[in-house]
Amino acid sequence: MNDKSRDIEAKNKVAAENFFEEIWNKKSEAAIDRLVAVDAAGNDPKFGVGRESFKKQWRKWHAGFSDLHFHVEEIIAEGERVVTRWRLTGTHDGEFLGHPATGKKVDVDGVSIDTIREGIVVSGFDAWDALSFRQQLGFIPEDKII
């Protein structure tokens, strides 16, 4: 690996860290404009395509979990591809997914695989424990198999 590749990977790790810290933890909607591409796409069709769709979903998450926090556990980069292992925590203190606040706390693990170019997320793939998330909130009984 040459110095240029190492430099790109180091910068992309910082960009991934900034994505979670600024957008999610510091709740900066303005950071979305700086860190997410206008036409960014992901694997979750509910998030839609593009920065504006991302903002709509971001607002819903923060309305439902005022203390939402992503704990970045690990970041691995290879060129433009960045893998971030994270843990999401928060308290359900607002309406979310059509459910009124429950006051329940959530704690789930996930992984994001992003393509980052020049400090901007252009695409992403998220895998996380959505079943446990819904069970912790009481949306799905814990003994129910889906």
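The values are calculated or read from the model by the stated rules, or taken from the named source; none is laboratory data. Quick caveat, the model's predicted, so the values are computed rather than measured. Heads up, the Cβs are rebuilt from the backbone with ideal geometry, glycines too, and the neighbour counts pull from every protein chain shown. Note: areas computed on protein heavy atoms with side chains; ligands, DNA, RNA excluded. Shrake-Rupley method; radii C 1.70, N 1.55, O 1.52, S 1.80 Å.
Annotations for the structure displayed:
Okay, residues lined up against (1) of a type in the set (A, V, I, L, M); (2) farther than 19 Å from W128 by Cα:
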site: I8; (1), (2): yes, yes
site: N12; (1), (2): no, yes
site: A16; (1), (2): yes, no
site: A31; (1), (2): yes, yes
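- Some residue of segment 15-36 being modelled with pLDDT of 95 or more, under 19 Å from S112 (Cα atoms), in contact with a strand residue (DSSP E or B) (Cβ under 7 Å, 6 or more places away or on another chain) and assigned to a loop (DSSP other than H, G, I, E, B): no
- Residue within segment 45-66 that is at positive phi and open to solvent by 50 Å² or more (accessible area, probe 1.4 Å) present: no
- The one condition in (1) touching a Leu at 6+ places or on another chain (Cβ under 6 Å); (2) open to solvent by 60 Å² or more (accessible area, probe 1.4 Å); (3) of a type in the set (A, V, I, L, M) that L131 fails to fulfil: (1)
- Checking each residue in segment 112-146 for being touching an Asp or Glu at 6+ places or on another chain (Cβ under 7 Å), β-branched (V, I, T) and free of Cβ contacts under 8 Å to residues at least 40 places away in the same chain picks out only T115.
- For segment 88-117, the set of residues classified as assigned to a loop (DSSP other than H, G, I, E, B) and either in contact with a Leu (Cβ under 6 Å, 6 or more places away or on another chain) or at pLDDT 95 or above (or both) consists of H92, D93, G94, E95, P100, A101, T102, G103, K104, listed by residue number.
- Hits in segment 66-84 (condition: under 14 Å from the mean Cα position of the chain (by Cα) and not in a strand (DSSP E or B)): L68
- Some residue of segment 85-103 being under 13 Å from the mean Cα position of the chain (by Cα), without any contact (Cβ under 8 Å) to a residue 60 or more places away in the chain, more than 21 Å from S28 (Cα to Cα) and open to solvent by less than 60 Å² (accessible area, probe 1.4 Å): no
- The set of residues in segment 1-43 being among the charged types (D, E, K, R), open to solvent by less than 60 Å² (accessible area, probe 1.4 Å) and under 19 Å from G110 (Cα atoms) consists of E22 alone.
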